[in-house]
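*Asks:* Please see the structure below; I have some questions.
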């Protein structure tokens, strides 16, 4: 039943949430999109659509969840901890679920719809991650607001972590030594069908309070998915050699080295595949009848989206924006310890609006305009150290928004046409920011600047900065010159070091900190 009351979507900047909102709008619902960072929310393509309101909230902050849900008819709960290296993610999931349950009761909502995970809760080898997902469902259903729990296995769609793992493994490895779980049965589901079920449960009161398994029409092993993907991608048949010694943890480390997906995210996914994840009942098919998409067709759709560069959301969209405290306006350079800074600027014979697209396209397939071998080496070193490396790329080659992943960076500040500040997610002994700005420098002219700021952690951080300093001097000057050439601009002066006044102008406004997140992660996928 539709009313003028909005549907609260938590985890709105995550993989599923970011795709659900347009579907809800198309179905005639109003939406309240909740996320921890309003800047990140406001950069989404649906953020300013009619019927959408934005709410800053953290699932671990009960008051903010109540405020975000005020006046909402129902909630789609799409938040869960996904990073296995956080020892307390199950505890955080538990508290977040309690806050959602209580907020729904406080705001007298009619329904909660929760997307959980498939897997027999009594299975002796059930992973901690899946056990936590089941516990969240029980907590939500323990409250007075009817909660619909949808349990899904692997989600197939462009940009999903599960699909990206499969894609990179098959494309890069003609022969795979695999763990035994590649022959464990699973029932994948297309992202389009997940969205169909989420919307359908809001439309059918008969689903309220129920727990339903959702899956596609195919029950397959992971080895079958490898074969299917190779066929759809036009690749030679891949050889799969299962061995008994590869544990889920070792598998996650191998996935980390071969694909863009970090081991911390790969581990829950591989553990989930270690037990059968198939639908034990199909009641949902009668309550919400939809056209199910088989695995082959789901892969074909995902590949088409990737080739067309039309990936709506990506697993890497879900991530923290935790800017360092020392970066804000009003903080002295020495506040909190040593702060190293290295910056240059160049004057060009083009206005800022002609130069800005070069800044906005940085990273991904475009690269960094200069010093490609050094960037590749830094990416490899980061992967070997357990970081994300360069393989994440970027979701779209030209459009970018706050919170977007960009190789081993995340966009922290974006003032279109003027400024982009990148927060590194690479492994390093310290905290850093990379700031790029275009500013008017007279009629038809602009100044392009690049500034790196680094606060070391101990002696290791100081030695790190000193060791890389000469490379950074060469690299940053070369980048500015190459960016000018890419823009079709002519230099009207040499590359100059930035003065102290320009450096101070690169401090972050305090408004960035106002929406900084805490511990909970938006949902990626299953």
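*Asks:* If you go through region 449-467 one residue at a time, how many are out of contact with any helix residue (DSSP H, G or I) (no Cβ under 6 Å at 6 or more places or on another chain) and crowded, with 17+ Cβ neighbours inside 10 Å?
*Replies:* Residues that pass the stated criteria total 7.
*Asks:* Let me ask another. Output the number of residues of region 423-448 satisfying the condition of being within 21 Å of residue 478 (Cα to Cα), part of a loop (DSSP other than H, G, I, E, B) and touching a helix residue (DSSP H, G or I) at 6+ places or on another chain (Cβ under 7 Å).
*Replies:* Looking only at that region, the number is 0.
*Asks:* Let me ask something else. Name the residues in region 131-153 that are in a loop (DSSP other than H, G, I, E, B) and touching a strand residue (DSSP E or B) at 6+ places or on another chain (Cβ under 6 Å), would you?
*Replies:* 145, 146, 153
*Asks:* Now for a different question. Going by the conditions given, is residue 373 assigned to a helix (DSSP H, G or I) and out of contact with any strand residue (DSSP E or B) (no Cβ under 9 Å at 6 or more places or on another chain)?
*Replies:* Answer is yes for this residue.
*Asks:* Determine whether region 100-116 contains at least one residue that is closer than 30 Å to residue 399 by Cα, touching a residue at least 12 places away in the same chain (Cβ under 8 Å) and either assigned by TED's automatic domain parsing to the domain that holds residue 194 or out of contact with any strand residue (DSSP E or B) (no Cβ under 9 Å at 6 or more places or on another chain) (or both).
*Replies:* Within region 100-116, one or more residues are closer than 30 Å to residue 399 by Cα, touching a residue at least 12 places away in the same chain (Cβ under 8 Å) and either assigned by TED's automatic domain parsing to the domain that holds residue 194 or out of contact with any strand residue (DSSP E or B) (no Cβ under 9 Å at 6 or more places or on another chain) (or both).
*Asks:* Then there's this: Do any strands (runs of 3 or more DSSP E) entirely within region 157-242 hold 3 or more residues that are in contact with a strand residue (DSSP E or B) (Cβ under 8 Å, 6 or more places away or on another chain), under 20 Å from residue 275 (Cβ atoms) and at pLDDT 90 or above, and if so, which?
*Replies:* Passing ranges, in order: 211-214.
*Asks:* OK, next. Could you tell me whether residue 104 is closer than 25 Å to residue 261 by Cβ and assigned to a helix (DSSP H, G or I)?
*Replies:* no
*Asks:* Still on this model: Residues 69, 51, 35, 28: which one is in contact with a helix residue (DSSP H, G or I) (Cβ under 9 Å, 6 or more places away or on another chain), at positive phi and in contact (Cβ under 8 Å) with a residue 24 or more places away in the chain?
*Replies:* 51
*Asks:* Can you tell me which residue in region 258-276 is surrounded by the fewest Cβ atoms within 10 Å (Cβ to Cβ), limited to those that are touching a strand residue (DSSP E or B) at 6+ places or on another chain (Cβ under 7 Å) and not in a helix (DSSP H, G or I)?
*Replies:* 276
The values are calculated or read from the model by the stated rules, or taken from the named source; none is laboratory data. Treat the numbers as computed from the prediction; the structure is a model and nothing was measured. Here the Cβ is made from the backbone with ideal geometry for all residues, glycine too, and neighbour counts use every protein chain on show.
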